[in-house]
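The values are calculated or read from the model by the stated rules, or taken from the named source; none is laboratory data. As the structure is a prediction and not an experimental result, all values here were calculated from the model. Virtual Cβ from ideal backbone geometry, glycine too; neighbours counted across all protein chains shown.
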């Protein structure tokens, strides 16, 4: 004879089904919420570290800019002296030039590793828009100064090689004309670099976006600008 036993568990109702589904959904929501909370605090910690790194980098770059400012002042003085000596020689002055022409240069490179790392970090998305603008302006100015310097240094090196090849200072007329051209070229490049350098010091190290936009200023007339 076939024995039929009643089920060990009561038959599930629709109510039990929906309770079971609700339990699963709540559990998933709690898991997702916990994961997002952990991720949020992780990003906040990353942001704190990024801010500290950028603040340290700003302090280092401020000292580098002060150093480069002094170096560029010395380069400007040497180029002015070189230009005067070469112009006198081109005019017929026979004063010996041995040891009098100098095209030396030295400078320190600005640091931007912190900003490059920050841009690749998820933490930067937590920064206020104003902060991102501040850093973007700063490192754009720094990059412009670096690029202008990289244009200046080869010109100085080319002029230095001509002087080095004639240690006696008895330069040919072609050498004199070439040095005059290179000296004037270097003076122009140095002027551009110094403008970017001042921009870095005056604006690049600010901690807030300047409120006075250049677009708010009256139109500049070129004939009113200094030569």
Given the conditions (1) touching a helix residue (DSSP H, G or I) at 6+ places or on another chain (Cβ under 6 Å); (2) buried (at least 19 other Cβ atoms within 10 Å of the Cβ); (3) under 17 Å from residue 153 (Cα atoms), report the number of the one that residue 102 does not fulfil.
(2)
From the options 160, 83, residue that is over 21 Å from residue 53 (Cα atoms), surrounded by 14 or more Cβ atoms within 10 Å (Cβ to Cβ), touching a residue at least 60 places away in the same chain (Cβ under 8 Å) and more than 13 Å from the chain's Cα centre (by Cα):
83
Positions within region 164-177 being surrounded by 13 or more Cβ atoms within 10 Å (Cβ to Cβ) and either within 34 Å of the chain's Cα centre (by Cα) or outside any helix (DSSP H, G or I) (or both), in sequence order
166, 169, 171
(1) assigned to a loop (DSSP other than H, G, I, E, B); (2) at pLDDT 90 or above: which one isn't true of residue 65, the others all being true?
(1)
Can you find even one residue in region 142-159 that is in a loop (DSSP other than H, G, I, E, B), out of contact with any helix residue (DSSP H, G or I) (no Cβ under 9 Å at 6 or more places or on another chain) and farther than 19 Å from residue 197 by Cβ?
no
With respect to the numbered conditions (1) out of contact with any helix residue (DSSP H, G or I) (no Cβ under 9 Å at 6 or more places or on another chain); (2) crowded, with 16+ Cβ neighbours inside 10 Å; (3) part of a loop (DSSP other than H, G, I, E, B), which one is the sole condition not fulfilled by residue 96?
(2)
Are any of the residues in region 194-207 surrounded by 17 or more Cβ atoms within 10 Å (Cβ to Cβ) and modelled with pLDDT under 90?
yes
If residue 227 meets every condition in (1) closer than 30 Å to residue 85 by Cβ; (2) modelled with pLDDT under 90; (3) part of a helix (DSSP H, G or I) apart from one, which number is that one?
(3)
Output the qualifying pairs, or none if there are none: Cβ atoms under 6 angstrom, residues six or more apart or on different chains, first residue in region 96-110 and over 16 Å from residue 182 (Cα atoms), second residue in a loop (DSSP other than H, G, I, E, B).
96/169; 97/169; 98/168; 98/169
Show the residue pairs meeting these rules: Cβ distance below 7 Å; 6+ apart or different chains; first residue within region 26-49 and closer than 29 Å to residue 119 by Cβ; second residue at pLDDT 75 or above and in a helix (DSSP H, G or I).
43/126; 44/126; 47/126
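With closer than 22 Å to residue 156 by Cβ and not in a helix (DSSP H, G or I) as the only criterion, which of 79, 110, 86 stands out?
Values: 79 fails: not in a helix (DSSP H, G or I); 86 fails: not in a helix (DSSP H, G or I).
The match here is 110.
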I'd like the full set of residues that are exposed (fewer than 13 other Cβ atoms within 10 Å of the Cβ) and touching a residue at least 12 places away in the same chain (Cβ under 8 Å), limited to region 126-154.
130
